[in-house]
Amino acid sequence: MSNMSWSFLTRLLEEIHNHSTFVGKVWLTVLIIFRIVLTAVGGESIYSDEQTKFTCNTKQPGCDNVCYDAFAPLSHVRFWVFQIIMISTPSIMYMGYAIHKIARSSEVERRKHQRLHKRPPPHTRWRESQPLEDALEVHDGKVQPVSNTGKDPPKHDGRRKILQQGLMRIYVLQLMSRAIFEIAFLAGQYLLYGFRVNPSYVCNRIPCPHRVDCFISRPTEKTIFLLIMYVVSCLCLVLNVCEMLHLGIGTFRDTLHMKRNRGRRPGSYGYPFSRNITASPPGYNLVMKTDKPSRIPNSLIPHEQNMANVAQEQQCTSPDENIPSDLASLHRHLRVAQEQLDMAFQTYQIKNTQQTSRTSSPVSGGTVAEQNRVNTVQEKQGARPRSATDKATTIVKNVKTSVWI
Amino acid sequence: MSWPALYAQLVGANRHSTSLGKIWLSVLFIFRVMVLVVAAESVWGDEQSDFTCNTLQPGCENVCYDQFFPVSHIRLWSLQLVFVSTPTLLVSMYVAYRNHCDRRRLLQGQEEELETLKTRRLPIVGALWWTYFCSLVFKMLFEGSFMYVLYVVYDGFEMPRLVQCDQWPCPNLVDCFISRPTEKTIFTVFMATASSICMVLNLAELAYLVAKALNR
């Protein structure tokens with residue numbers, strides 16, 4: 001029975017996994033493994049006989065009960081249960097808010113598309129919020145915590161994605177409230193229990209006839225467990241602080257990059273597809289490859305930026321930002337890419353009217369292989385390939401074949 | 001108490017609730033069901049075995065325990081949680097009925113719409129609004145009445161350390177001692193607080209529904 005209750009909480013916490021930064025995921029793992037499992041397993045066996053084996057040095061009935069109550073107004077295990085619940089609460093509330101916000105923004109995008117194109121775009125059937133909400137929902141009596149159509153749940157994890165969704169403020173608020181709760185519970189644990197469980201306790205309450213010695217069961221084991229939980233709490237607190245620092249430093253670095261790229265902007269602005277574009281749209285480089293070999297600054301450009309730069313002209317964003325992971329904007333980018341491809345194809349045709357019959361397929365076959373190699377090299381070197389962007393590249397590759405064939 | 005079965009029933013209806021309803025469900029399961037199962041049941045686990053009276057007279061402890069604990073807190077809270085969750089099933093019954101009618105109508109039409117039937121989300125208007133409204137009212141009624149019953153039976157939310165009892169067969173006025181009274185008080189106060197939070201959420205949801213209806 002209590003396993004079921006812990007599994008409910010752990011299931012919710014796993015869903016939070018998809019909405020945290022890397023340090024947040026580590027914190028979650030520490031929480032689940034060290035605290036929940038330890039409390040459930042160790043607490044059960046160590047503290048099960050804490051009252052029955054609490055004996056006082058008197059035969060007066062009732063003295064045992066009263067002295068046990070004075071010794072342990074709140075048992076350790078219950079204290080830790082409260083602590084775990086209170087500390088998970090900000091994360092769960094953040095997750096609920098994030099799901100709500102993402103669902104709303106995808107609704108807004110869908111309506112915008114419907115208004116623009118007067119027909120439902122293909123992604124409306126895949127409601128982004130659906131797999132997320134399914135964490136708390138049941139289909140046909142079976143619990144499916146992840147997705148309903150077999151697709152991967154959209155991951156809004158990582159600092160950049162959280163930033164893009166406009167959730168950063170709430171995320172930081174959640175982190176701070178977690179830290180405050182952690183500190184409060186640590187202080188409470190110290191005030192209530194200290195660092196040691198003494199083997200004997202002196203009690204003088206009515207109806208005990210005089211001062212009696214009462215003896216606690218397994219004091220050393222309880223002391224060790226108490227100290228372990230102190231250490232785990234401090235570790236979680238340290239992870240919280242690290243996460244806040246990670247967010248702060250990352251944002252600071254991003255603003256630095258943005259400032260630097262704003263300085264670089266005028267040079268590359270005249271030509272929409274600068275040399276930064278390497279892999280997408282891949283077909284485009286077939287055109288440009290004859291003129292100049294594209295040099296890939298591997299260290300700087302992660303895989304996602306290839307897609308981001310497609311929409312660079314339209315959005316005037318810094319190339320350092322990741323593409324938004326919702327499929328709606330992805331489709332928009334692809335459309336833009338296709339239009340640019342058509343334009344580039346026309347210029348290529350104009351340029352190479354004198355050239356002899358250069359059939360597309362062998363050339364594209366050869367350069368596609370080279371392009372794929374380049375892509376894989378890039379991916380290995382720096383990128384964090386995400387499922388959405390992988391889908392994007394496959395879709396882009398399909399786009400390329402549709403253009404060339 | 002089969003909490004997983006109750007959980008399975010409730011999350012099905014969760015899709016058709018407002019956001020406040022979803023928060024209510026989370027509060028219910030995290031702060032009440034989970035705390036009840038994981039913590040409170042172990043606190044009240046030895047409530048009769050460790051209830052000692054200051055006498056050797058056989059049967060006196062049983063009788064005195066029965067006098068002061070007609071219904072244990074744990075059972076009262078379990079009943080409260082079951083009753084409070086039941087009105088939500090009203091809503092899901094209504095939605096199922098609507099889906100059934102629509103499915104029959106649609107079977108004569110397109111086939112693919114049947115898939116969206118299962119996953120669509122009905123807007124809260126008309127008869128669904130009234131069903132939802134009634135379910136909220138009943139929820140609040142049940143919460144309030146169970147809290148009142150707890151308060152009356154146990155004379156407040158505090159657990160005394162010592163009770164005095166002179167029921168037959170106890171020979172005279174004996175002192176009986178309750179096990180873990182402080183811990184039980186803490187948990188009683190916690191569960192009463194969680195109940196009030198749920199009641200406040202229900203009230204807010206009621207106000208939101210009424211406001212939405214008036215706006216229309």
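For this structure, a couple of remarks:
- All conditions in (1) at pLDDT 50 or above; (2) assigned to a loop (DSSP other than H, G, I, E, B); (3) open to solvent by 60 Å² or more (accessible area, probe 1.4 Å); (4) not hydroxyl-bearing (Ser, Thr, Tyr) hold for residue A:152, with the sole exception of (1).
- Residue within region A:43-61 that is out of contact with any Asp or Glu (no Cβ under 9 Å at 6 or more places or on another chain), more than 29 Å from residue B:30 (Cα to Cα) and in a helix (DSSP H, G or I) present: no
- Within region B:19-40, none of the residues are in a loop (DSSP other than H, G, I, E, B) and either within 10 Å of another protein chain (Cβ to nearest Cβ) or open to solvent by less than 50 Å² (accessible area, probe 1.4 Å) (or both).
- Inter-residue pairs, beta-carbon under 7 Å, first over 21 Å from residue A:206 (Cβ atoms) and at the interface with chain A (Cβ under 7 Å from one of its Cβ atoms) and in region B:41-53, second among the aromatic types (Phe, Trp, Tyr) and crowded, with 16+ Cβ neighbours inside 10 Å, 6+ apart: B:43/B:187
Listed here are the residues, each with its yes/no results for (1) crowded, with 19+ Cβ neighbours inside 10 Å; (2) in contact (Cβ under 8 Å) with a residue 12 or more places away in the chain; (3) in contact with an Asp or Glu (Cβ under 9 Å, 6 or more places away or on another chain).
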residue	(1), (2), (3)
A:174	yes, yes, no
A:186	no, yes, no
A:189	yes, yes, no
A:192	no, yes, no
A:195	no, yes, no
A:205	no, yes, yes
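- When residues of region B:1-18 are limited to those that are more than 8 Å from chain A (Cβ to nearest Cβ) and among the hydrophobic types (A, V, I, L, M, F, W, C), the one surrounded by the fewest Cβ atoms within 10 Å (Cβ to Cβ): B:5
- Here is the figure for region A:55-71: residues that are open to solvent by 10 Å² or more (accessible area, probe 1.4 Å) and either without any contact (Cβ under 8 Å) to a residue 60 or more places away in the chain or in contact with a Pro (Cβ under 9 Å, 6 or more places away or on another chain) (or both) total 4.
Yes or no, residue by residue, for (1) at pLDDT 50 or above; (2) more than 19 Å from residue A:15 (Cα to Cα); (3) open to solvent by less than 10 Å² (accessible area, probe 1.4 Å):
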{"residue": "A:95", "(1), (2), (3)": "yes, no, yes"}
{"residue": "A:98", "(1), (2), (3)": "yes, no, yes"}
{"residue": "A:115", "(1), (2), (3)": "yes, yes, no"}
{"residue": "A:119", "(1), (2), (3)": "yes, yes, no"}
{"residue": "A:125", "(1), (2), (3)": "no, yes, no"}
{"residue": "A:132", "(1), (2), (3)": "no, no, yes"}
{"residue": "A:138", "(1), (2), (3)": "no, no, no"}
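- Hits in region A:5-27 - residues which are open to solvent by 20 Å² or more (accessible area, probe 1.4 Å) and among the aliphatic types (A, V, I, L, M): A:23, A:26
- Failed item, numbered, when residue A:33 is tested on (1) open to solvent by 10 Å² or more (accessible area, probe 1.4 Å); (2) without any contact (Cβ under 8 Å) to a residue 60 or more places away in the chain; (3) facing chain B (nearest Cβ under 9 Å): (3)
- Failed condition for residue B:4, given (1) assigned to a helix (DSSP H, G or I); (2) in contact (Cβ under 8 Å) with a residue 40 or more places away in the chain; (3) under 26 Å from residue A:84 (Cβ atoms): (2)
- Subset of region A:36-54 that is more than 17 Å from residue A:80 (Cβ to Cβ) and open to solvent by less than 40 Å² (accessible area, probe 1.4 Å) - its residue that is farthest from the chain's Cα centre (by Cα): A:54
The values are calculated or read from the model by the stated rules, or taken from the named source; none is laboratory data. Treat the numbers as computed from the prediction; the structure is a model and nothing was measured. Note that we place each Cβ from the backbone using ideal geometry, even for glycine, and neighbour counts take in every protein chain shown. All accessible areas refer to the heavy atoms of the entire protein, side chains included, with ligands and DNA or RNA removed. Shrake-Rupley method; radii C 1.70, N 1.55, O 1.52, S 1.80 Å.
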